[in-house]
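So the structure is just underneath, and the comments pick up after that.
The values are calculated or read from the model by the stated rules, or taken from the named source; none is laboratory data. All values derive from a computational prediction rather than experimental measurement. Every residue, glycine among them, receives a Cβ derived from its backbone with ideal geometry; neighbour counts consider all protein chains shown.
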Amino acid sequence: MKDYNPEAIRNITFIGHGGSGKTTISENILFKAGEINRIGKIEEGNTVSDFNKNEIERQISISVSPLHVEWKNVKINILDTPGYSDFIGQVISSLHVSDMAVAIVKSAEGIEVGTEMTWEYVKRNNMPSAVIVNKVDNEHSKFEDTFNSIKDRLSSDAIVITMPINEGINFNSVVDLVKMKQTTYSDPNAKQGKDSEIPAEVADNAAIMREQLIEKIAESSEDLMNKFFEEGTLTDEEIKKGLKSAIVNGSLVPVFAISASKAVGINNFLDFVAEYFPSPDERKPAKAKIGDKDNTVEVKCDPQAEASLLVFKSLSEQHVGELSIFKVYSGTLNVGMDLINSKNEKTERLGQLFILNGKNRKEVAKLSAGDIGAVVKLKDTHTGDTLSSRERTIALHSFEVPSPVIRGAIQSKSKGDEDKISTGLHIVHEEDPSLNVKYDPELGQTIVSGQGELQLSLAVKLLKDRYNVDVELVEPRIPYRETIKGRCDDAEYKHKKQSGGRGQYGHVHLKLEPVPRGTGFEFVNAIVGGVVPGRFIPAVEKGLQEILSKGILTGSKVIDVKVTLFDGTYHNVDSDEVSFKIAASQAFKKGFLASNPVILEPIYDITIKVPEEFMGDVMGDVSSRRGKILGMDSEGPFQVIKAKVPLSELYKYSTHLRSLTSGRGAHSRQFSHYEEVPKDVEQKVIAEYQKSKEEE
Ligand SMILES: Nc1nc2c(ncn2[C@@H]2O[C@H](COP(=O)(O)OP(=O)(O)OP(=O)(O)O)[C@@H](O)[C@H]2O)c(=O)[nH]1
Ligand SMILES: [Mg+2]
């Protein structure tokens with residue numbers, strides 16, 4: 001491939017509900033542009049994008065695929081993202097490096113939840129965007145209705161660019177309202193459609209739609225608006241320029257009618273992309289930080305400037321190897337170039353540069369600002385990191401990683417696999433940073449968390465497939481806490497042992513009192529007259545701290561108690577630190593049990609977003625999870641419910657919410673506070689702990 005300057009590059013991300021046709025459209029684009037000779041099919045498991053074993057087995061995309069074609073001297077980079085909501089993290093990172101979001105919706109079904117959810121990111125970031133109405137060959141295709149719901153639910157700035165002539169099973173031609181031509185695609189395996197005059201029966205409708213397009217273009221700028229009022233129309237040149245700038249500034253969202261499986265409308269779309277979609281240098285400059293300073297600088301998409309790139313994806317595939325995929329933000333990358341990772345200041349050498357079409361990689365000598373490429377996985381560089389030149393080391397603003405909505409604990413079926421588990425899960429995290437892995441020392445479990453059950457189970461599957469480690473995903477333990485509600489004025493324990501040689505002797509009196517939530521542990525030394533010598537006081541405190549960290553009823557930490565050491569005795573020869581530690585912890589145990597002990601559980605703040613019609617069901621379900629509803633708010637067609645729910649009731653909640661709301665509900669969560677568990681739950685928790693102790 002040749003060198004492409006920024007103005008000859010287009011970066012687009014395909015987003016949309018699962019199964020809307022993103023991968024099939026991508027495959028057709030690769031074929032039309034001559035990158036492949038045969039159109040692969042999802043059903044046959046041979047598309048360029050979905051090459052991974054799990055993708056072929058499940059017939060869905062799981063990992064974002066970077067693709068590229070050349071069309072009319074423009075290099076179009078396409079990021080084909082997964083529609084399944086577990087993988088939304090990859091959609092967010094792909095959109096971050098793209099200049100245009102293209103949502104694919106199904107013509108019969110209209111806007112589905114996956115499209116709605118990813119579109120939120122497009123709106124929030126004011127990204128230029130377009131919509132493809134796909135599957136217009138479906139017998140129930142409703143292009144007009146779908147277009148109206150795009151205007152309603154995605155963007156009121158949507159405007160038709162290509163309209164179907166004969167939608168339904170015979171769909172084979174569109175009217176292109178920019179070219180004012182009909183294009184007919186009679187053979188899916190032909191590289192091109194055939195342009196002709198617009199047929200008389202649709203001419204009136206086409207004229208009306210064209211008029212709407214021109215008006216919309218005029219609305220986007222005051223100059224054009226004045227011109228339009230004076231002359232009643234715009235010249236071709238004005239339409240061209242106006243259309244382009246309206247798309248860049250987000251005031252016009254072009255809509256295309258396509259059938260991917262019949263390859264109808266693809267060429268019109270590509271022509272439009274090359275001509276009107278923004279190039280990376282037409283977008284606002286990216287933002288970055290210099291050094292450890294807080295001030296933000298702008299990074300212009302300029303091939304002459306110092307080089308910088310952002311890694312937005314890592315790929316690790318058997319037979320393909322490990323790759324870091326990046327976008328060049330400034331400068332020009334050359335083979336052999338050394339760049340600095342701004343996070344750890346390590347130098348990384350770009351040994352070879354690649355451009356990708358799925359798993360197929362092509363070596364290139366150069367990549368200029370605005371382009372997307374890959375290198376063999378860099379040792380000290382991770383997804384989200386910036387590499388830049390020594391002369392101007394910057395950290396580009398990276399994408400947000402969605403916070404987890406589901407957690408599971410990894411349980412190994414055999415001992416000694418810890419290293420493999422940790423390496424394997426680390427790779428999964430690199431590939432998709434929205435999957436987190438953490439060993440929780442308090443729970444003694446490795447916790448994986450992420451966006452959905454499928455994402456977690458695929459991580460487990462990778463451990464089996466690649467490392468032959470059998471693990472199970474189980475419900476994580478709950479980090480309970482213990483505390484007291486009452487007080488004990490005198491908890492006494494004497495530790496005394498006489499067995500040959502030197503004995504052991506330690507004796508303390510403690511007072512236990514509850515303190516307000518969040519205070520933690522307070523220790524007061526109220527010994528007078530040296531009845532417990534000063535040198536043993538730290539041992540007493542240490543003994544208390546140890547028992548507090550182990551807990552008494554459930555093996556959970558004890559919090560919010562004040563312990564006063566007010567009396568005791570010692571022995572000149574036999575007393576030592578160990579004896580006082582034991583005495584303190586035993587005295588505490590006695591005092592704790594006598595002070596009305598209770599178990600506390602973590603309560604989470606959750607925010608649930610659902611369409612109005614599911615409100616009743618969702619609220620009922622929250623109540624059945626011991627949740628307390630705090631309030632409700634409406635947000636467009638959605639209701640937002642805020643509630644406090646115990647963590648123990650939230651296991652797999654995201655899956656449950658999805659099934660309760662036909663996939664249209666989502667939630668986020670955040671730790672709030674600790675609260676006393678109800679008595680029936682307390683008994684259950686204590687019994688479970690006793691049982692697990694006996695098993696050990
Ligand atoms: N009839 C018809 N079927 C289509 C069309 N485009 C795609 N399909 C079929 O729809 C199914 C889903 O297509 P994909 O290309 O995998 O959709 P996707 O959006 O990439 O799906 P995910 O990546 O899993 O979100 C496949 O069975 C395709 O053959 C179309 O235009 N018409
Ligand atoms: Mg796909």
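Among the residues that make up the stretch 27-44, is at least one of them in contact with a strand residue (DSSP E or B) (Cβ under 6 Å, 6 or more places away or on another chain) and within 11 Å of ligand 1 (Cβ to nearest atom)? No - not one qualifying residue is present in the stretch 27-44.
Between 246, 274, the distinction of being in contact with a helix residue (DSSP H, G or I) (Cβ under 6 Å, 6 or more places away or on another chain), of a type in the set (Gly, Ala, Ser) and either not assigned by TED's automatic domain parsing to the domain that holds residue 145 or not in a strand (DSSP E or B) (or both) belongs to 246 only. Among residues of the stretch 17-29 that are over 11 Å from residue 61 (Cα atoms) and aliphatic (A, V, I, L, M), those with a beta-carbon under 8 Å from a residue that is within 6 Å of ligand 1 (Cβ to nearest atom) and assigned to a loop (DSSP other than H, G, I, E, B) at least six positions away or on a different chain give the pairs 25/260. Taking the criterion of being among the β-branched types (Val, Ile, Thr) and either in contact with a helix residue (DSSP H, G or I) (Cβ under 8 Å, 6 or more places away or on another chain) or more than 6 Å from ligand 1 (Cβ to nearest atom) (or both), the residues of the stretch 13-26 that qualify are 13, 15, 25. The set of residues in the stretch 184-195 that are surrounded by fewer than 23 Cβ atoms within 10 Å (Cβ to Cβ) and either of a type in the set (Ser, Thr, Tyr) or in a loop (DSSP other than H, G, I, E, B) (or both) comprises 184, 185, 186, 187, 188, 189, 190, 191, 192.
Within the stretch 309-322, is even one residue under 15 Å from residue 5 (Cβ atoms) and either out of contact with any strand residue (DSSP E or B) (no Cβ under 8 Å at 6 or more places or on another chain) or not aliphatic (A, V, I, L, M) (or both)? Checking the stretch 309-322: not a single residue is under 15 Å from residue 5 (Cβ atoms) and either out of contact with any strand residue (DSSP E or B) (no Cβ under 8 Å at 6 or more places or on another chain) or not aliphatic (A, V, I, L, M) (or both). There is no residue in the stretch 401-424 that is within 30 Å of residue 300 (Cα to Cα), assigned to a strand (DSSP E or B) and at pLDDT 90 or above. Residues that are in contact with a strand residue (DSSP E or B) (Cβ under 9 Å, 6 or more places away or on another chain) and of a type in the set (Val, Ile, Thr) occur in the stretch 269-290; there is at least one. Looking at 217, 247 in this structure, which one is at negative phi, touching a residue at least 60 places away in the same chain (Cβ under 8 Å) and buried (at least 19 other Cβ atoms within 10 Å of the Cβ)? Criteria check complete, one pass: 247.
Scanning the stretch 366-398 for residues that are modelled with pLDDT under 95, of a type in the set (A, V, I, L, M, F, W, C) and not in a strand (DSSP E or B) yields one hit, 378.
A quick yes/no check of all residues on (1) touching a helix residue (DSSP H, G or I) at 6+ places or on another chain (Cβ under 7 Å); (2) within 12 Å of ligand 1 (Cβ to nearest atom); (3) modelled with pLDDT under 95; (4) within 27 Å of residue 666 (Cβ to Cβ):
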| position | (1), (2), (3), (4) |
| --- | --- |
| 57 | no, no, yes, yes |
| 65 | no, yes, no, yes |
| 68 | no, no, no, no |
| 71 | yes, no, no, no |
| 75 | yes, no, no, no |
| 78 | yes, yes, no, yes |
| 81 | yes, yes, no, yes |
| 84 | yes, yes, yes, yes |
| 92 | yes, no, no, yes |
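Quick check: is even one residue across the stretch 395-403 farther than 30 Å from residue 339 by Cα, in contact (Cβ under 8 Å) with a residue 12 or more places away in the chain and within 17 Å of the chain's Cα centre (by Cα)? For the stretch 395-403, residues farther than 30 Å from residue 339 by Cα, in contact (Cβ under 8 Å) with a residue 12 or more places away in the chain and within 17 Å of the chain's Cα centre (by Cα): present.
Let's see how each residue does on (1) buried (at least 23 other Cβ atoms within 10 Å of the Cβ); (2) more than 15 Å from ligand 1 (Cβ to nearest atom):
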site: 101; (1), (2): yes, no
site: 104; (1), (2): yes, no
site: 121; (1), (2): no, yes
site: 125; (1), (2): no, yes
site: 130; (1), (2): yes, yes
site: 133; (1), (2): yes, no
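Yes/no matrix, rows are residues, columns are (1) surrounded by fewer than 22 Cβ atoms within 10 Å (Cβ to Cβ); (2) closer than 30 Å to residue 465 by Cβ; (3) not assigned by TED's automatic domain parsing to the domain that holds residue 46:
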site: 333; (1), (2), (3): no, no, yes
site: 337; (1), (2), (3): yes, no, yes
site: 345; (1), (2), (3): yes, no, yes
site: 356; (1), (2), (3): yes, yes, yes
site: 372; (1), (2), (3): no, yes, yes
site: 389; (1), (2), (3): yes, no, yes
site: 412; (1), (2), (3): yes, yes, yes
site: 416; (1), (2), (3): yes, yes, yes
site: 420; (1), (2), (3): yes, yes, yes
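Among the residues of the stretch 470-487, those identified as in a strand (DSSP E or B) and surrounded by fewer than 20 Cβ atoms within 10 Å (Cβ to Cβ) are 472, 473, 474.
Evaluation of residue 138 against the conditions (1) within 11 Å of ligand 1 (Cβ to nearest atom); (2) at pLDDT below 95 shows that the sole unmet condition is (2). Screening residue 138 on (1) in a loop (DSSP other than H, G, I, E, B); (2) of a type in the set (S, T, N, Q); (3) buried (at least 24 other Cβ atoms within 10 Å of the Cβ) shows it passes everything except condition (3). For the stretch 163-180, the criterion of being under 27 Å from residue 278 (Cα atoms), at pLDDT 95 or above, assigned by TED's automatic domain parsing to the domain that holds residue 98 and among the basic types (Lys, Arg) is satisfied by at least one residue.
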